[in-house]
Structures are given as structure tokens and as C-alpha cells.
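Student: My structure is below; once you've seen it, I'll send some questions.
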Amino acid sequence: MIKVVGWGVGKMGRGILDMLMKKQGIEVVGAIGRTTGVGKDLGELLGFDSPVGIKVDNDAEKVLSSARPDVVILSISSYVRGVADEIELCARYGADVITIAEEMAYPFRTEPELSKKIDSMAKDHGITVLGTGVNPGFVLDSLIAALTYGTRSVRQIKARRVNDLSPYGKTVMEEQGVGLSMEAFIEGVKDGQIHGHIGFLQSIPMIADALGLEYDEIVETREPIMSTVERKTDLVDIKPGMTAGCSHSAVAYRNGVPVITLEHPQQVRPELEGIETGDFIDIYGDPDLHVVIRPETPGGIGTIASAVNIIPQVLSSPPGLLTMMDMTIPHCIMDDFRNHIGKGGNIREGSKGDMGQDT
């Protein structure tokens, strides 16, 4: 069995653990939390009818030393610095790491020194580290790059993801400035409390480096999306005149001309104001390509699925800090996950190769 530990039991972490529990060839051997759910049986936390015999523990080293997982999935932070220590601990116990931290999708431009340290540490311990998710990791970067496979040249890329924030947890809501006045939103952007989408500074370099597109600078803008109706979720109650989300965009310029434009207006329950969600990708080159996914690739489900479906490829990859551009074509897995280890790559020597042979 592929032994997996879930580190983080917030909304996304619980969703990942739930999916893992239902997949063939995977054995969940531990769950690490900070405060939420600590001491509870994982089955109770996930709403199962019966316990599963795994309690959420806040002692990460205890869990890793006893469980000895093949893979740890980190769902604890959006930032490189928020997962670096945890990655190091996983490395000491020889576990590959998949993280949904947005900055980890392509950390080399924003955190070059720390990226080098993580890469070196991963190689020293023979583990693979990968940042992924629905976005960054898929819709506004690796999917775009894959679509260019059928072109002879690319001149300009424009992509827009219009999505619903409702499936996300408290941290994401706060980063998007949900439930504020316009004045408070503007002030939050100024003082750095409101980030909008975390990932443009990863997606643009990921696309550019993969395709060989050059740019001089990236310019970002963040604007409040004001609600004219009441919008409710389990976490927020947005009254008319309050912010429902953030319209965030980033443009990479080359000699003053846009080369890559990414837009990501995110808001809670956009359908209440007649807004249709979707992913819209326009590639201008030889030939032009225009792709629409409607409604949008669901953010919560997409993030959960991305972290789980990539497990066999991570187990088959060489040691180091990798990105989705290093993976073969990702896809959903409906049979035993162990059947997919080594597909598109060689199983590296060591414990993971032994594990694959034992199956």
C-alpha cells in the first residue's frame, strides 16, 4: 500500500483525507493537526459512520516516526516560509511531500534562496517535493502550457478564471478581503493584509520559463468586488455594500507590450448577481486557440483532486524540488494508485522502488 499522512485538517485538508480514504492502493496512516480536531478519530472528523482508528495528533514528529509514510500532503499554509520547516521534518523521515501552498507551485522567483535550500535538502534525503493545486498548479499555468503543445508559436496569452469562493475556508476568505467595507478593503491592500489570489507570481514565471517567453516586469492590480445583495455561506454573511471578493489581475510586459495577462476575479456566490463562472484561455500565435471551461473547474474539488491524483507521479519522480512542468500529463485515477507508479518515468532506487515491487 502507498502510505500517506495528511498534515493539516482544515477544510482542504479534510477534503484531501476524505478522498485518500476512498482510493484503492492508498493507506492513510496518520493525520496531523494544530488545534482543529486534535484527539478526535479521523472518521469522526470526516463524518464517517464509524471510527477508522486514526486520531488527529499535533505531534508531527511522533506521527512521522511511527507511521513512516511514503508521502505527506501538506495543507497548512499558502507560503513557502509557512511550509519550509515541515518539509525539512518530512525529509528527515524520507517522505515525499505534496503541498497545496500556492507559492510552492513555482517558488524560484519569489523565494530563490529558500527554493535552493529545499531542493538541496530534498536531494540529500532522496525525496521529491511538489507544490500543486487547482490554481496555481493547473488552470492558469500547466493547463495553458499544455494547450500550446499544438501551436507552432505563441505571441501572447490571456486567461481569466471566474470562480466561487464559497468552498474555501476562513484563511482564503480573509486573504480575499471578503465581508469588508470598500475603505477597509483598500486599506487592507495597502498594508498587505489582503493578498487577493496568491499565485500570479508563480503562474506567470512557470508559463514563461516553460515556453521561453521573455518579460520585463509583472504589474498587479487588486480591486474590491462590492455586493448589491446579501450572500451567505457557513463562514460569512455579506450584506449589500460589503465586499464579496477581490478582482485581482497580473500582466507581464515585454517592451511595454503585454505578453501574459492573467485575471482572477474571486467572489462568494457570484450566481446571486447573475455572474457565470468559468475558465477562459486565449492563446494568440500560430494558430490562435480559445478554450472555455464553463462553469469553472471547482476550486475546492480541484485542489483536493490535484493533490491526490499526482501521488504516483511524485513517487516516480527524481529527488528535488519539482513543479508541475516536471510531471507527465496529469489525470484522474480510477483504479489502484499503485498501478500508476513508474508510468511516464522510472521508479527511483530506495524505499519507494521497493514499495512498488512489493505490490
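Student: Pairs of Cα atoms under 8 Å, at least six residues apart: use those to get the relative contact order of the chain, whole percent. Intermediate values should be presented prior to the final figure.
Tutor: Values: 790 pairs, mean separation 69.7, N = 359.
Once normalised by length, the contact order is 19 percent.
Student: Additional query: Can you tell me which of 175-182, 8-15, 118-125 comes out highest on packing, and rank the rest after it, using the mean Cβ neighbours within 10 Å?
Tutor: Values: 175-182: 21.9, 8-15: 23.4, 118-125: 17.2.
My ranking of the peptides, most packed first, is 8-15, 175-182, 118-125.
Student: Amide H neighbours of Met226 under 5 Å, counting only residues 5+ apart in sequence or on other chains, H built in-plane at 1.01 Å?
Tutor: Ala244
Student: Please figure out what share of the DSSP beta bridges in the chain is antiparallel and state it in percent, rounded to the nearest 5. Let's see the in-between values first.
Tutor: Details: 37 of 65 bridges.
Roughly 55 percent of the beta bridges in the chain run antiparallel, per DSSP.
Student: Quote to one decimal, in nm, the extra length available between Lys190 and Lys239 on full extension: 0.36 nm per residue of separation minus the C-alpha distance between them. Can you show the working numbers first?
Tutor: Working: separation 49, 0.36 × 49 = 17.64 nm, distance 2.35 nm.
Length difference between fully extended and current span is 15.3 nm.
Student: Per residue, what volume in Å³ does the convex hull of the Cα atoms of the range 142-297 enclose? Please list the in-between numbers first.
Tutor: On the way: hull volume 17.5 nm³, N = 156.
Value for the range 142-297: 112 Å³ per residue.
Student: Here's a follow-up. Among Ala145, Val172, Val56, whose Cα sits farthest toward the positive end of the charge dipole of the chain (+1 at Cβ of Lys/Arg, -1 at Cβ of Asp/Glu, about the Cα centre)?
Tutor: Val56
Student: Can I ask one more? Evaluate the distance, in nm, between pseudo-label points positioned 7 Å from the Cα of Thr110 and of Glu88 along their respective Cα→Cβ axes.
Tutor: 2.1
Student: Compute, for the range 142-297, the length of the dipole vector about the Cα centre, with Cβ point charges of +1 (Lys, Arg) and -1 (Asp, Glu) only. Units Debye, rounded to 20.
Tutor: Details: 14 positive and 24 negative charges, 43 e Å.
Magnitude of the dipole: close to 200 debye.
Student: Hey, what number do you get for the chain at 222 nm if only DSSP H runs of n ≥ 4 count, each worth -39500 (n - 2.57), divided across all residues, to the nearest 500?
Tutor: Working: 12 runs with 104 residues, N = 359.
Taken over the chain, the calculation gives -8000 deg cm²/dmol.
Student: Can I ask one more? Run the simple label-point estimate for Ser181 and Tyr284 please: 7 Å along Cα→C-beta, distance reported in nm.
Tutor: 4.1
Values in this text are rule-based calculations from the coordinates and carry no lab data. Values in this document were obtained by computation on a predicted structure and should not be read as measured data. Glycine gets a Cβ as well: all are built from the backbone with ideal geometry, and neighbour counts include every protein chain shown.
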